[in-house]
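Chemist: Structure in structure tokens, see below.
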Amino acid sequence: MTIPDIVGAGLIVIGAGLGIGRIGGQAMEAIARQPEASGKIQTAMLIAAALIEGIGFAALFAA
């Protein structure tokens, strides 16, 4: 791996981490506002986090 590849991989990991963290934070805010919808919110959060993580892995293998 060259230096640009390593920097690109680092940016991919940082971006995925920030995206998943933002999803988690927003989900917690939504659950605090509407506790009765926590099941639906958690399901949507997990699906979105899995998709972001999958895209991150795919980008790492493509880099």
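The values are calculated or read from the model by the stated rules, or taken from the named source; none is laboratory data. It should be emphasised that the depicted structure is a prediction, and the values quoted were computed from it without experimental measurement. Surface areas here come from the heavy atoms of the whole protein model, side chains and all, with no ligands, DNA or RNA. Shrake-Rupley method; radii C 1.70, N 1.55, O 1.52, S 1.80 Å.
Chemist: On alpha-carbon atoms, Rg over Rh for the chain using Kirkwood Rh?
Modeler: A ratio of 1.16.
Chemist: Further, regarding this structure: Taking the solvent-accessible surface of protein heavy atoms with a 1.4 Å probe, what is the per residue accessible area of the chain in Å²?
Modeler: For the chain, the solvent-accessible area averages 73 Å² per residue.
Chemist: Relative to the present Cα-Cα distance, how much length would full extension add between F61 and V7 at 0.36 nm per residue of separation?
Modeler: That pair, F61 and V7, stretches by 18.1 nm at full extension.
Chemist: For the chain, which whole-number percentage of the solvent-accessible area (1.4 Å probe, protein heavy atoms only) is attributable to carbon and sulfur atoms?
Modeler: Of the solvent-accessible surface of the chain, carbon and sulfur hold 72 percent.
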